[in-house]
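Report on one structure; see the data block that follows.
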Amino acid sequence: MVAEYKIYIAGKWTESESGETFESLNPATGKTIGSFQKGSREDTRKAIESAENSFDGWRKMPPPKRGEILLRASRLLRENKERLAGLVTLEMGKVLAEARGDVQEAIDVAEYMAAEGRRLFGHTTTSELRSKFAMTIRMPLGVVGLITPWNFPVAIPAWKIMPALICGNAVVLKPSSDTPLCATEFVRILEKAGVPKGVLNLVTGTPDGVGKEIVTNRKVRGVSFTGSRETGEWIAKNAGIKRVGLELGGKNGIIVMPDADLELAIDGIIWGGYGTTGQRCTACSRVIAHEKIAGKVERKLLSRVRRLRVGDGKLKTTDVGPLINRHAVEKVHGYVAIGRDEGARLLAGGEIINRQGFFYRPTLFSDVAADMRIAQEEIFGPVVGIIEAKNIDHAIDIMNSVRYGLSSAIYTNNVEWAFAAIQNIEAGITYVNASTIGAEVHLPFGGMKETGNGTREAGIEGINEFSEIKAVYIDYSGKLQRAQIDAG
Ligand code: UN1
């Protein structure tokens with residue numbers, strides 16, 4: 001018997017009125033791990049209403065009290081870290097060490113946001129008039145809809161839920177249908193930590209049923225989405241007048257300059273390119289190697305890629321886990337064919353592994369031109385291409401030649417080159433002598449160009465994403481004072 005899970009509305013675990021369910025699979029075996037409610041538009045409307053009804057009580061709770069609940073959630077996450085990491089590996093496929101990192105990221109953001117309960121700073125400032133005081137305060141948006149992907153099935157819901165809650169918003173969460181179990185377990189932890197009924201609602205289901213309602217419902221004041229560019233574009237067009245935060249992926253590169261510590265650079269490329277089976281928005285899919293050392297980079301990388309062990313993420317011997325589903329395997333394989341047709345040289349991988357589950361051989365291309373599709377489009381799999389650059393300016397031009405601008409990295413010990421990269425790469429994140437992945441939760445996360453719409457998540461930017469700013473003027477002069485007219 002397959003375990004059946006429910007949706008969570010107004011503090012109750014219930015079945016969808018649709019009467020329909022869908023299954024979540026273990027990508028390492030292709031076997032079902034649970035059955036989930038196919039939430040409908042009607043379920044979603046109920047969830048939005050429940051959020052609306054509980055919003056006032058929640059926003060009036062003193063933020064440090066809300067912080068205590070988040071802190072309890074962080075403790076519960078810590079106590080349940082191994083169990084949750086096991087579920088992340090089971091449902092999403094990443095190797096256990098990374099699954100632990102996924103849960104740890106949720107703990108970190110819960111702690112950070114819990115402490116925000118005692119800050120949520122505004123500004124105090126001067127006034128141009130006498131006996132007048134001016135400041136800003138933060139207010140919640142109201143009901144917010146959070147739509148999250150499968151690649152960080154605990155961390156990304158946490159990035160969004162924790163700041164949303166500490167700011168006093170009420171939440172409707174729609175997790176990816178590839179990882180509903182992780183979302184369900186995460187919401188259970190928040191329930192146990194004491195988030196009041198109705199403040200956090202979970203509706204599993206399809207983009208058509210749940211996602212569209214969240215995006216188009218006028219009662220929803222903010223939407224935060226991490227996922228594909230196509231869906232992001234649809235959201236931007238259809239959300240109407242509400243705040244929208246988008247994080248839509250990348251085509252991230254690592255520049256390797258001739259003076260770089262090559263062993264370090266190779267470690268960074270392997271981690272950024274093949275960690276999480278390349279399924280991070282921040283994954284490195286382009287190595288931009290200076291022509292003087294490109295041959296060396298290629299040889300060293302190839303010998304490392306060949307040694308990567310592919311398998312079930314729960315085994316200690318596995319370096320690279322499965323892809324998320326059959327469709328992903330086909331997509332990656334399709335891109336490998338495109339790369340070959342375009343004239344890139346396939347050095348390793350390029351094949352579907354013939355076994356249960358959704359496995360793909362770690363793949364490396366060289367002779368990649370910056371304008372090839374495999375160097376321009378997000379593949380979201382274990383595929384890396386090497387592109388040669390003549391000098392630092394050329395390398396940065398190549399880096400910037402894509403529509404995305406999320407993460408980037410440069411390996412060099414030359415201060416001039418490092419700062420050229422810092423100042424000229426159009427990306428939300430630049431690493432120096434570190435890989436493209438590994439963002440920490442107290443710094444802003446997000447990208448430029450078509451990676452997003454200018455919002456940033458995590459850290460203080462997470463608070464900005466989920467709060468409104470009000471300007472407050474207090475005139476204690478006892479007379480009419482007109483700004484711009486009576487000053488002076
Ligand atoms: C993502 O892939 O959308 O920096 C998030 C990193 C992780 C988060 C990635 N902390 O790679």
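The values are calculated or read from the model by the stated rules, or taken from the named source; none is laboratory data. Predicted model only: the values in this text are computed from it and were never measured. Quick reminder, even Gly has a Cβ in these numbers, built from the backbone with ideal geometry, and neighbours come from all protein chains shown. We work out accessible area using only protein heavy atoms, side chains counted, and drop any ligands, DNA or RNA first. Shrake-Rupley method; radii C 1.70, N 1.55, O 1.52, S 1.80 Å.
Provide the per-residue ³J(HN,Hα) series for the stretch 220-229, in order, calculated from phi with Karplus coefficients 6.51, -1.76, 1.60 and θ = phi - 60°, each as a whole number of Hz, with x at glycine and proline positions.
7, 8, x, 10, 10, 10, 10, x, 6, 5
Protein chains only, probe 1.4 Å: how do 160, 197 rank by accessible area, largest first?
My answer, sorted largest first, is 197, 160.
Give me the lysines in straight-line cross-link reach of residue 81: C-alpha distance below 17 Å, same-chain residues under 8 apart excluded.
By straight Cα distance, residue 81 reaches 94, 192, 314.
Please turn the phi angles of the stretch 47-55 into ³J(HN,Hα) values with the Karplus equation 6.51 cos²θ - 1.76 cosθ + 1.60 (θ = phi - 60°), one per residue in order, whole Hz, x for glycine and proline.
Using θ = phi - 60°, the values come out as 5, 5, 4, 4, 5, 4, 5, 8, 4 Hz.
Based on Cβ point charges of +1 for Lys and Arg and -1 for Asp and Glu, what charge dipole magnitude is obtained for the chain about its Cα centre, in debye rounded to the nearest 20?
About 1100 debye.
Which percent of the accessible area of the chain is formed by carbon and sulfur heavy atoms (probe 1.4 angstrom)? Each step should come with its number before you reach the end.
Numbers: 10260 of 20400 Å².
Carbon plus sulfur share of accessible area: 50 percent.
Under unit Cβ charges (Lys, Arg +1; Asp, Glu -1), what dipole magnitude, rounded to 20 debye, does the stretch 252-432 have relative to its Cα centre?
I would put it at about 880 debye.
To the nearest 500 deg cm²/dmol, what mean residue ellipticity at 222 nm is calculated for the chain from DSSP H runs of n ≥ 4 alone, each contributing -39,500 (n - 2.57), summed and divided by the residues?
-12000 deg cm²/dmol
Express the C-alpha Rg of the chain as a ratio against the empirical globular expectation 2.2 N^0.38 Å, rounded to two decimals.
1.03
Please go through the stretch 49-151 and write out the trypsin sites (Lys or Arg not before Pro) that DSSP classes as loop and that have at most 14 other C-beta atoms within 10 Å. Write down the numbers at each step before the final one.
Numbers: sites: 59, 60, 65, 66, 72, 75, 78, 81, 83, 94, 100, 118, 119, 130, 132, 138; in loops: 94, 118, 119, 130.
Answer by residue number: 118, 119, 130.
With label points built 7 Å along Cα→Cβ from the Cα atoms of residue 115 and residue 331, find their separation and express it in nm.
So the label points at residue 115 and residue 331 sit 3.6 nm apart.
Under 23 Å Cα to Cα from residue 300, which lysines show up? Leave out anything in the same chain fewer than 8 places away.
Reachable lysines: 251, 292, 390.
Magnitude of the Cβ-charge dipole of the stretch 48-118, K/R +1 and D/E -1, about the Cα centre, nearest 20 debye?
That gives a dipole near 320 debye.
Report the trypsin sites (Lys or Arg not before Pro) located in the stretch 383-488 that are in a DSSP loop and have at most 16 other Cβ atoms inside 10 Å of their Cβ, or state none.
390, 403, 479, 482
Give me a comma-separated list of calculated 3J(HN,Hα) values for the stretch 464-479, in order, Karplus coefficients 6.51, -1.76, 1.60 applied at θ = phi - 60°, integers in Hz, x for any Gly or Pro.
Working through the residues one at a time gives 4, 4, 10, 9, 9, 10, 10, 8, 10, 10, 10, 9, 10, 7, x, 9 Hz.
Over what distance in Å are the Cα centres of the stretch 444-474 and the stretch 1-58 separated?
Their Cα centres are 29 Å away from one another.
Can you give the Kirkwood hydrodynamic radius for the stretch 365-488, in Å, rounded to one decimal and based on Cα pairs?
17.9 Å
Taking 20 Å as the cut-off for C-alpha to C-alpha distance, list the pairs among 212/331; 12/38; 174/219; 65/174 that go past it.
Values: 212/331 25 Å; 12/38 16 Å; 174/219 16 Å; 65/174 26 Å.
Among 212/331; 12/38; 174/219; 65/174, the Cα-Cα distance tops 20 Å for 212/331; 65/174.
Take residue 230 and residue 422, extend 7 Å from each Cα along the Cα→Cβ direction, and tell me the distance between the two endpoints in nm.
Roughly 4.0 nm, to one decimal.
Pull out a ≥ b ≥ c, the square roots of the eigenvalues of the alpha-carbon gyration tensor of the stretch 349-432, then state rounded if a/c is under 1.5, prolate if not and a/b is larger than b/c, and oblate in the remaining case.
The shape class here is prolate.
Among DSSP bridges having both ends in the stretch 252-432, what percentage is antiparallel? Round to the nearest 5. Intermediate results must be reported in sequence, preceding the final value.
Values: 4 of 26 bridges.
Roughly 15 percent of the DSSP beta bridges within the stretch 252-432 come out antiparallel.
How far is helix 180-193 tilted, in degrees, relative to the longest principal axis of the Cα atoms in the chain, given as a value from 0 to 90 rounded to the nearest 10?
40 degrees
Between 0 and 90 degrees, rounded to the nearest ten: what's the tilt of helix 326-342 against the longest Cα principal axis of the chain?
Relative to the chain, helix 326-342 is tipped by roughly 50 degrees.
Can you give the FRET efficiency to the nearest 0.05 for residue 65 and residue 442, using r as the Cβ-Cβ distance and R₀ = 25 Å? Mind dumping the intermediate values first?
Working: r = 22 Å, r/R0 = 0.90.
Step by step, r from the Cβ atoms, then E = 0.65.
Any chance you could give the angle, 0 to 90 degrees and rounded to 10, that helix 262-274 forms with the longest Cα principal axis of the chain?
Rounded to the nearest ten degrees, it is 70.
Excluding residues fewer than 8 places away in the same chain, name every one of the aspartates and glutamates whose C-alpha is closer than 14 Å to that of residue 197.
49, 52, 56
Please identify every one of the GluC sites (Glu not before Pro) in the stretch 225-326 that sits in a loop by DSSP and has no more than 16 other beta carbons within 10 Å of its own beta carbon.
Listed in order of number, the matching sites are 291.
Quantify how much of the Cα-Cα distance distribution of the stretch 252-432 extends past 28 Å, in percent.
18 percent
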